[in-house]
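A short worksheet on the structure shown next.
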Amino acid sequence: MKVTKIIVLPLAYVLILSGVLLATRDYATIKDVPTSFEYNTAWHARSFDEAVWFALDDIARIEDNLPPEVENFRVAIQSPDETIPKVHLEFDRVSLTRLKAGEISPVNFIRDHVEFN
């Protein structure tokens with residue numbers, strides 16, 4: 001009986017203490033939450049404007065299902081024959097929301113967020 005008390009009780013205390021320490025660890029800081037969303041598409045439209053607006057329409061539909069931590073969007077549009085450089089759009093969720101609400105004009109949105117590489 002004495003031998004079990006000497007071996008089992010300290011072992012039980014160690015297990016209980018390690019469980020308490022694990023329960024108090026902050027696991028939320030360990031997770032890597034993505035803050036940006038990258039979207040690549042091909043240029044299947046007849047014009048540059050259509051290609052950009054089709055891509056933005058896709059992003060607007062996808063954006064509703066993304067977690068709120070995603071704040072930045074990066075879109076790359078490649079022409080099918082690759083003779084025209086990629087069109088890149090980089091914008092944040094606030095700009096997209098303003099565009100969807102009509103608070104920012106499409107012309108201003110394109111001017112501020114489209115770049116050619």
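The values are calculated or read from the model by the stated rules, or taken from the named source; none is laboratory data. Here the structure is a predicted model, which means the values were calculated and not measured. FYI the Cβ positions are ideal-geometry reconstructions off the backbone, even for glycines, and counts take in every protein chain you see. What goes into the accessible areas is simple: the full protein's heavy atoms, side chains included, and nothing from ligands, DNA or RNA. Shrake-Rupley method; radii C 1.70, N 1.55, O 1.52, S 1.80 Å.
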Inset, instruction - Say whether the condition of being among the hydroxyl-bearing types (Ser, Thr, Tyr), closer than 21 Å to Asp112 by Cβ and open to solvent by 50 Å² or more (accessible area, probe 1.4 Å) is met by at least one residue in segment 84-98. - result: yes
Inset, instruction - Scan segment 45-59 residue by residue and report those that are surrounded by 14 or more Cβ atoms within 10 Å (Cβ to Cβ) and closer than 15 Å to Leu99 by Cβ. - result: Val52, Trp53, Phe54, Ala55, Leu56, Ile59
Inset, instruction - Determine whether Asn65 is polar (S, T, N, Q) and modelled with pLDDT of 90 or more. - result: no
Inset, instruction - State which residue pairs qualify: first residue of a type in the set (Val, Ile, Thr) and assigned to a strand (DSSP E or B) and inside segment 49-76, second residue modelled with pLDDT under 85 and open to solvent by less than 10 Å² (accessible area, probe 1.4 Å) in any location, beta carbons under 9 Å apart, and separation of 6 or more residues or different chains. - result: Val75/Val52; Val75/Val87
